[in-house]
């Protein structure tokens, strides 16, 4: 894989038409039946090369539109079947905020494959959540798919990001951004020493047999744990974070008495997904910017059943 570095041209790069995977010559020589007039080879069966995927154009266009909070430009850069497309979340009342993209100056890219597949997308973290009710084969199975690792200077992410680019009307567009799944083969190797909230200052109990419902109301195939927080806190905490460190699921609850609706983490509960081969739940209390792990417990399938 070739690693490349780009300098973004935020504020300078205009809306750029993104070419499809085939060169103009290749498209023009196609007789419409997937054959090349010159040598009879099947152009539809040809593999994409790294240079035929306009990685920098797609990423630059996305970053420029995001920094400008220009949802119309984002809509031109993002695939219409993507959960990142603004039409979907604007209908639900969400507002895009692009301030985190304003200070981006450059980034590194590394082409993973120019001939990706739907299965490659499903391997990314969070893909199961976002596409659990989507038939990816039907939506994009016939399109060209490329996967690119992107590391951005000045942009905080949960880990190395893998961008999925998919063609639409012969133009490459952003389809998904996911963190590379770096789940260890043996989760036990990533475990830290257990910590028990003996006085139930924050954690009331953990239900390891909790069944989370899917979007259709039926139990999810994934494994979950429900963490109940005490309704009688023994410590002061502005925020309580619950996370499963191997499956990488995170929830935060906070106290807010100044907003329109008063909220409190006390008495709340949250469900986090578990890695089926083993996981650990960590509960952290945050007060005045200081974090303290108040509970850390391991999930061992053979023992917890």
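The values are calculated or read from the model by the stated rules, or taken from the named source; none is laboratory data. Everything numeric here is computed off the predicted structure, so don't read it as measured data. For neighbour counting, all protein chains shown are included, and Cβ atoms are generated from backbone atoms with ideal geometry for every residue, glycine included.
Of all residues in region 67-92 being in contact (Cβ under 8 Å) with a residue 24 or more places away in the chain and part of a helix (DSSP H, G or I), which is farthest from residue 171 (Cα to Cα)?
Filtering region 67-92 for residues that are in contact (Cβ under 8 Å) with a residue 24 or more places away in the chain and part of a helix (DSSP H, G or I), the one farthest from residue 171 (Cα to Cα) comes out as 67.
Just for region 290-305: of the residues that are loosely packed, with under 13 Cβ neighbours inside 10 Å and either part of a loop (DSSP other than H, G, I, E, B) or out of contact with any strand residue (DSSP E or B) (no Cβ under 6 Å at 6 or more places or on another chain) (or both), which one is modelled with the lowest pLDDT?
Applying the first criterion (loosely packed, with under 13 Cβ neighbours inside 10 Å) to region 290-305 yields 290-291, 302-303, 305.
Then keep just the ones that are either part of a loop (DSSP other than H, G, I, E, B) or out of contact with any strand residue (DSSP E or B) (no Cβ under 6 Å at 6 or more places or on another chain) (or both); that gives 290, 302-303, 305.
Values: 290: 95, 302: 70, 303: 56, 305: 46.
This residue is 305.
One line per residue, one yes/no per condition, for (1) modelled with pLDDT of 95 or more; (2) surrounded by fewer than 17 Cβ atoms within 10 Å (Cβ to Cβ); (3) in contact with a strand residue (DSSP E or B) (Cβ under 9 Å, 6 or more places away or on another chain):
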| position | (1), (2), (3) |
| --- | --- |
| 223 | no, no, yes |
| 230 | yes, no, yes |
| 245 | no, no, yes |
| 276 | no, yes, yes |
| 281 | yes, no, yes |
| 286 | yes, yes, yes |
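Among the listed residues 92, 70, 99, which satisfies the condition of being over 25 Å from residue 143 (Cα atoms), surrounded by fewer than 18 Cβ atoms within 10 Å (Cβ to Cβ) and at pLDDT 90 or above? Walk me through how you get there before you give the answer.
Working: 92 fails: at pLDDT 90 or above; 99 fails: at pLDDT 90 or above.
The match here is 70.
If you go through region 135-145 one residue at a time, how many are touching a residue at least 12 places away in the same chain (Cβ under 8 Å) and either surrounded by fewer than 14 Cβ atoms within 10 Å (Cβ to Cβ) or outside the structural domain of residue 82 (by TED's automatic domain parsing) (or both)? Can you show your working first?
Within region 135-145, the first condition is being touching a residue at least 12 places away in the same chain (Cβ under 8 Å), and the residues that meet it are 136-137, 139-141, 143-145.
Filter once more, so that each one left must be either surrounded by fewer than 14 Cβ atoms within 10 Å (Cβ to Cβ) or outside the structural domain of residue 82 (by TED's automatic domain parsing) (or both): 137, 141.
Going through region 135-145 one residue at a time, the tally reaches 2.
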